[in-house]
């Protein structure tokens, strides 16, 4: 330490991405200075992606009324009118033009914080999903991401699982969502909880159901699970790329 500096002290500030979560900021005081020097390290929650995401979030909000997203946002708004906390769709994805729907369980803490279900959320599940989709060769316009329980069960600070009753009750919303995807070729149910919804929805003729592991770190960091996720994405991509009947 510079002899003119006092011993560092630590306080906490809100990360602009993580809302209620707080990242540490080191403050050092130069001898004779009236104001401390702030040296914020990378936020331990979002790993420094928060500022980038905040900029992209504003761009996304502008696009929510575009034709490929608006019919899906109508469903979101209807759920919100009944008191549910439902994140937005990502307008950078395919929306109603998507050929493959990837369904996870329920919005996680980062979707709660960002207000979007997006592969660009700064959390391992979203980033791993993005890696698998890229490895399979998907264009973003071919894909849409959603959850079998579309509303937030988790909070920013705590990840919670949906109950079987919540999954069954939400099937009507999942069905309504599926019915708004006219170009659909496949639905991929990601994780055991999401797969519980398979018995409660009806896919259109010609649309195939696929199942794989959730893209969270617990699965993705295991080689056989990661390989299965990527293999399933490859199958879905092949279905999306096949000629229309």
Subject >> Evaluation of residue 30 against (1) surrounded by fewer than 17 Cβ atoms within 10 Å (Cβ to Cβ); (2) at pLDDT 90 or above; (3) over 23 Å from residue 194 (Cα atoms) (one fails), failing number >> reply: (2)
**OP:** Determine whether the stretch 132-141 contains at least one residue that is modelled with pLDDT of 90 or more and in contact with a strand residue (DSSP E or B) (Cβ under 8 Å, 6 or more places away or on another chain).
**Re:** yes
Subject >> Residue satisfying condition, being more than 16 Å from the chain's Cα centre (by Cα), at pLDDT 95 or above and buried (at least 24 other Cβ atoms within 10 Å of the Cβ), within set 98, 70 >> reply: 98
Original post:
Failed condition for residue 85, given (1) free of Cβ contacts under 8 Å to residues at least 40 places away in the same chain; (2) surrounded by fewer than 17 Cβ atoms within 10 Å (Cβ to Cβ); (3) under 24 Å from residue 175 (Cβ atoms), with all others met?
Top reply: (1)
**OP:** Scan the stretch 119-142 residue by residue and report those that are within 9 Å of the chain's Cα centre (by Cα), closer than 22 Å to residue 227 by Cα and in a loop (DSSP other than H, G, I, E, B).
**Re:** 119, 120, 123
Subject >> Selected residue (criterion: modelled with the lowest pLDDT) from residues of the stretch 51-66 that are touching a helix residue (DSSP H, G or I) at 6+ places or on another chain (Cβ under 8 Å) and within 20 Å of residue 143 (Cβ to Cβ) >> reply: 53
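The values are calculated or read from the model by the stated rules, or taken from the named source; none is laboratory data. Since the model is a prediction, treat every value here as computed from it, not as a measurement. With ideal geometry, Cβ positions are generated from the backbone for all residues, glycine too; neighbour counts draw on all protein chains shown.
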